[in-house]
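A short reminder: the numbers here are calculations on the coordinates, not readings from a lab. Quantities reported herein were computed from a predicted structural model and do not represent experimental measurements.
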Amino acid sequence: MTNNEELIHRFYQSFQKLDAESMISCYHDDIVFFDPVFGLLEGKAARSMWTMLCGQAKDFSLTYGNIIHLDEEYSTCNWVATYTFSKTGRKVVNRIRANMRFADGKIIEHSDAFSLHKWSSQALGFSGWLLGWNSFFQRKIRNQAKRNLIRFMEGAS
């Protein structure tokens, strides 16, 4: 098993336990993260996102696999998060493709790809299904997620 593969296992096994500190220890100080909900996050904001999400998780489970090493620097894997979305109480099963770049023995870039329309249909119900494909609605979701993260970071300071 390569160091990068061990790091991926440590990251997702920590996530399975909702252990944000161990997850964050896998990240480089200069981490850059992107996903369809939070958009682009760097450094402290990316680390704080995991702390917030792990702290708020309800009925959470996670599986991961299909780790593919593209070269010494890049790897991908699939993961599935199942949880209750706190705002609506609705069950979400989110299927995600992660792309990671490694530097200095840590994850320096991490992007998660998934359908925001499918996610919003599950998390928000009919309004998410009806409007989740719309860029205005998706921007509204991202803005709300970032506001929640900023409030969380301000409270954690």
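What to note about this one:
- Relative contact order for the chain, counting Cα pairs under 8 Å that sit 6 or more residues apart, in percent: 22
- Dimensionless Rg ratio for region 1-112, taking C-alpha atoms and the 2.2 N^0.38 Å reference: 1.01
- Hz values of 3J(HN,Hα) by residue in region 60-65 - Karplus curve (6.51, -1.76, 1.60), Gly and Pro given as x: 8, 8, 8, 10, 8, x
- The slack between residue 45 and residue 25, meaning 0.36 nm per residue of separation minus the straight C-alpha distance, is 5.8 nm.
- Orientation-averaged projected area, Cα convex hull of region 81-149 (nm²): 5.5
- The sum of -39500 (n - 2.57) across all DSSP H runs of n ≥ 4, divided by the residue count of the chain, sets its helix-only mean residue ellipticity at 222 nm to -13500 deg cm²/dmol.
- Residues whose placed amide H lies under 5 Å from that of residue 31, excluding near-sequence neighbours: 43
- Amide H contacts of residue 73: none lie under 5 Å away among residues 5 or more positions distant or on a separate chain (H built 1.01 Å from N in the peptide plane; Pro and chain starts excluded).
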